[in-house]
Amino acid sequence: MIRIINGNARGRHPLAIDEMFRLRKRVFHDFLKWDVKTEGEWEIDHYDKANPLYVMSYSPETGKLRGSLRLLPTLGPNMLDDTFPILLGDNPEIRSAEVWESSRFCIDPDISQDRASNQVTVAAAELMCGVGELSLSSGITHIVTVTDVFLERMFRRMGCPGERIGDPQRIGNVHAVAIAWEVSQRLLETMKAVAAIDGTVLERPISLETARAA
């Protein structure tokens with residue numbers, strides 16, 4: 001199940017927000033050893049102050065958070081244009097109301113290390129399908145992201161390869177790349193088919209307008 005929380009309303013969802021920022025620290029700081037800002041047991045940065053939308057995947061069996069990502073409009077502060085413009089190559093900045101950025105995509109490390117099941121694909125696909133459903137209901141035409149080449153391969157296996165915006169670059173201890181996806185019903189259906197997901201993944205029907213007003 002996918003739950004979407006407005007960043008400006010995170011004070012009304014303290015337990016969910018705490019769990020998400022703790023997961024991000026476990027993944028990006030503790031597990032991947034990325035050079036990220038932490039505050040106590042949270043991984044949090046200045047983009048979290050830009051009223052993002054948080055997309056969260058919960059296990060239907062346990063109710064536990066198993067993955068999350070952050071959505072930001074490219075008309076405002078975003079990681080690709082403002083922190084990693086080198087990944088744009090020779091392309092101009094991406095600033096459009098119809099293009100949103102996904103960042104801080106992460107899956108619970110306990111799931112990631114469970115090679116005997118398909119939980120990683122299901123949790124990851126559910127996050128992406130949640131973004132797809134939100135986008136289709138809201139007029140978003142493209143999603144962009146900064147990721148590493150390992151996750152790029154995972155996206156391909158999930159049925160959503162996307163297109164590279166520029167060439168990969170060495171940033172810190174990873175080979176980073178910017179990817180763009182064109183949002184479509186066909187792409188959404190392909191991801192659901194790969195992960196054997198039936199029906200909507202959203203907790204409730206939602207659009208950008210209702211999500212940002214909540």
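The values are calculated or read from the model by the stated rules, or taken from the named source; none is laboratory data. From a predicted model like this one, the values you see are computed outputs, not experimental measurements. Quick reminder, even Gly has a Cβ in these numbers, built from the backbone with ideal geometry, and neighbours come from all protein chains shown.
I'm trying to understand the selection: among the residues of region 155-189, which are surrounded by fewer than 16 Cβ atoms within 10 Å (Cβ to Cβ), at pLDDT below 95 and closer than 17 Å to residue 126 by Cα? Matches in region 155-189: 156, 157, 161. Scanning for something under 24 Å from residue 25 (Cβ atoms) and surrounded by fewer than 17 Cβ atoms within 10 Å (Cβ to Cβ), does region 129-148 turn up at least one residue? No, every residue in region 129-148 fails to be under 24 Å from residue 25 (Cβ atoms) and surrounded by fewer than 17 Cβ atoms within 10 Å (Cβ to Cβ). Evaluation of residue 100 against the conditions (1) aromatic (Phe, Trp, Tyr); (2) surrounded by fewer than 16 Cβ atoms within 10 Å (Cβ to Cβ); (3) touching a Pro at 6+ places or on another chain (Cβ under 7 Å) shows that the sole unmet condition is (2). For residue 138, the conditions (1) modelled with pLDDT of 90 or more; (2) under 26 Å from residue 203 (Cα atoms); (3) under 13 Å from the mean Cα position of the chain (by Cα) are fulfilled apart from (3). When region 46-87 is filtered for residues that are in a helix (DSSP H, G or I) and not acidic (Asp, Glu), the ones remaining, listed by number, are 46, 47, 49, 79, 80, 85, 86, 87. Of 93, 43, all but one fail to be among the charged types (D, E, K, R) and buried (at least 22 other Cβ atoms within 10 Å of the Cβ); the exception is 43. Entry remark, region 51-63: residues being modelled with pLDDT under 95 and either in contact with a helix residue (DSSP H, G or I) (Cβ under 8 Å, 6 or more places away or on another chain) or of a type in the set (Gly, Ala, Ser) (or both) number 3 in total.
Identify, please: which residue in region 182-214 is part of a helix (DSSP H, G or I) and of a type in the set (Lys, Arg) and is, among those, farthest from residue 56 (Cα to Cα)?
Across region 182-214, the extreme among qualifying residues is 186.
Looking at region 6-17, can you tell me whether even one residue there is part of a loop (DSSP other than H, G, I, E, B), surrounded by 15 or more Cβ atoms within 10 Å (Cβ to Cβ) and among the small types (Gly, Ala, Ser)? No.
For first residues located in region 23-34 and within 17 Å of residue 150 (Cβ to Cβ), partners that are assigned to a loop (DSSP other than H, G, I, E, B) and among the aromatic types (Phe, Trp, Tyr) and lie 6+ apart or on another chain with Cβ distances below 8 Å form the pairs 28/34. Which residues, counting only those in region 34-49, are of a type in the set (A, V, I, L, M, F, W, C) and at pLDDT 95 or above? 42, 44, listed by residue number.
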